[in-house]
Amino acid sequence: QVQLVESGGGLVQPGGSLRLSCAASGSIFSIYAMGWYRQAPGKQRELVAQITSGGSTNYADSVKGRFTISRDNSKNTPNLRMSSLKPEDTAVYYCNLVARGGDYWGQGTQVTVSS
């Protein structure tokens, strides 16, 4: 059974930085893409950033130039470097893997940007 666990969230002041990581347990084969989504209170879950197996990246317009997704090849999971954080970045952030066996999600990590 595959499990994903996010880490690195927390409370940060506007303009600050955080780095999110994702740990996976279980066997996952043929990962097509991995990424990060977020869900703010009262809003739908949205894609933040994604990286494909070929290395192509895709970012939400709202985070371009501030967030950077990378792939931890030893763990087959994504990292997300977030800088210049804004209060509107406050949300629960979810790790996602798209693989041959299906779509896998973590439980989420809270990111709160507030002074």
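The values are calculated or read from the model by the stated rules, or taken from the named source; none is laboratory data. Note that the structure is a prediction, hence the values are computed from the model and not measured. Note that each Cβ is placed from the backbone with ideal geometry, even for glycine, and that neighbours are counted across all protein chains shown. These accessible areas exclude ligands, DNA and RNA; they are computed on the full protein's heavy atoms, side chains included. Shrake-Rupley method; radii C 1.70, N 1.55, O 1.52, S 1.80 Å.
Yes/no matrix, rows are residues, columns are (1) closer than 18 Å to VAL5 by Cα; (2) touching a Phe, Trp or Tyr at 6+ places or on another chain (Cβ under 7 Å):
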| site | (1), (2) |
| --- | --- |
| ARG19 | yes, no |
| ALA24 | yes, no |
| GLY35 | yes, no |
| GLY42 | no, no |
| VAL48 | yes, yes |
| SER62 | no, no |
| SER83 | no, no |
| LYS86 | no, no |
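Do we find a residue being free of Cβ contacts under 8 Å to residues at least 60 places away in the same chain and open to solvent by 60 Å² or more (accessible area, probe 1.4 Å) anywhere in region 18-35?
At the first step, the residues of region 18-35 found to be free of Cβ contacts under 8 Å to residues at least 60 places away in the same chain are 21, 23, 25-27.
In the following step, the residues that additionally are open to solvent by 60 Å² or more (accessible area, probe 1.4 Å) were identified as 27.
Yes - at least one qualifying residue is present in region 18-35.
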(request) Take region 1-17 and flag every residue that is loosely packed, with under 14 Cβ neighbours inside 10 Å and within 15 Å of TYR37 (Cβ to Cβ). (result) none
(message) So in region 48-98, with the set limited to residues that are open to solvent by 50 Å² or more (accessible area, probe 1.4 Å), assigned to a strand (DSSP E or B) and of a type outside the set (Ser, Thr, Tyr), which one is farthest from ALA33 (Cα to Cα)?
(response) ARG81
